[in-house]
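Novice: Sending over a structure as structure tokens; questions will come in a sec.
The values are calculated or read from the model by the stated rules, or taken from the named source; none is laboratory data. The model shown is predicted, which means the values in this text are computed figures rather than measured ones. Counting neighbours? That spans all protein chains shown, and the Cβs are built from the backbone with ideal geometry, glycine included. We work out accessible area using only protein heavy atoms, side chains counted, and drop any ligands, DNA or RNA first. Shrake-Rupley method; radii C 1.70, N 1.55, O 1.52, S 1.80 Å.
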Amino acid sequence: MKKILILMVMVLGLVACGEKFPYTSQSTKEKMIKEVKVAMEKAEETKSEKDAQVLLEKMGEIIKISTELEKRSSEGDEKAKEELEKWDKLIKEIEPQ
């Protein structure tokens, strides 16, 4: 029993130390951007507070991801820098003309 417990603790320790940042797939990025566009259009049409709140929540998710990527990029993570550049391109698409 002790051996199993020790083994479990060791495995969990290795998993925790090996945790990596889950980068966003291209399809998920596109889905999130599309959701923001739809929420933005709906908020502009209805001018309701509820729709504006939904838009802010959707943008908050993207900002959270971008902030984490900027942090990792500044620490020297090249993959995070590439991911951040991809997000920047997609975000520029949703900026109002």
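Novice: What tally of residues in region 67-97 results from selecting those that are among the acidic types (Asp, Glu) and on the phi > 0 side of the Ramachandran plot?
Specialist: Residues that pass the stated criteria total 0.
Novice: Would you please name the residue that is modelled with the lowest pLDDT, looking only at residues in region 67-97 that are acidic (Asp, Glu) and under 15 Å from Gln26 (Cα atoms)?
Specialist: Glu93
Novice: Which pairs turn up if I take residues in region 30-51 that are under 21 Å from Lys92 (Cβ atoms) and look for partners that are surrounded by 12 or more Cβ atoms within 10 Å (Cβ to Cβ) and of a type in the set (Gly, Ala, Ser) with beta carbon separation below 8 Å, at least 6 apart in sequence or on another chain?
Specialist: From region 30-51, the pairs are Ala43/Ala52.
Novice: Residues of region 39-65 being outside any helix (DSSP H, G or I) and either basic (Lys, Arg) or surrounded by 14 or more Cβ atoms within 10 Å (Cβ to Cβ) (or both), which ones?
Specialist: Passing the criteria: only Lys47.
Novice: Right, another one. Among Lys64, Lys37, Lys31, Lys47, which is on the phi > 0 side of the Ramachandran plot and either at pLDDT 85 or above or among the hydroxyl-bearing types (Ser, Thr, Tyr) (or both)?
Specialist: Lys47
Novice: Do the conditions hold for Glu68, that is, is it open to solvent by less than 100 Å² (accessible area, probe 1.4 Å), under 15 Å from Trp87 (Cα atoms) and within 13 Å of the chain's Cα centre (by Cα)?
Specialist: yes
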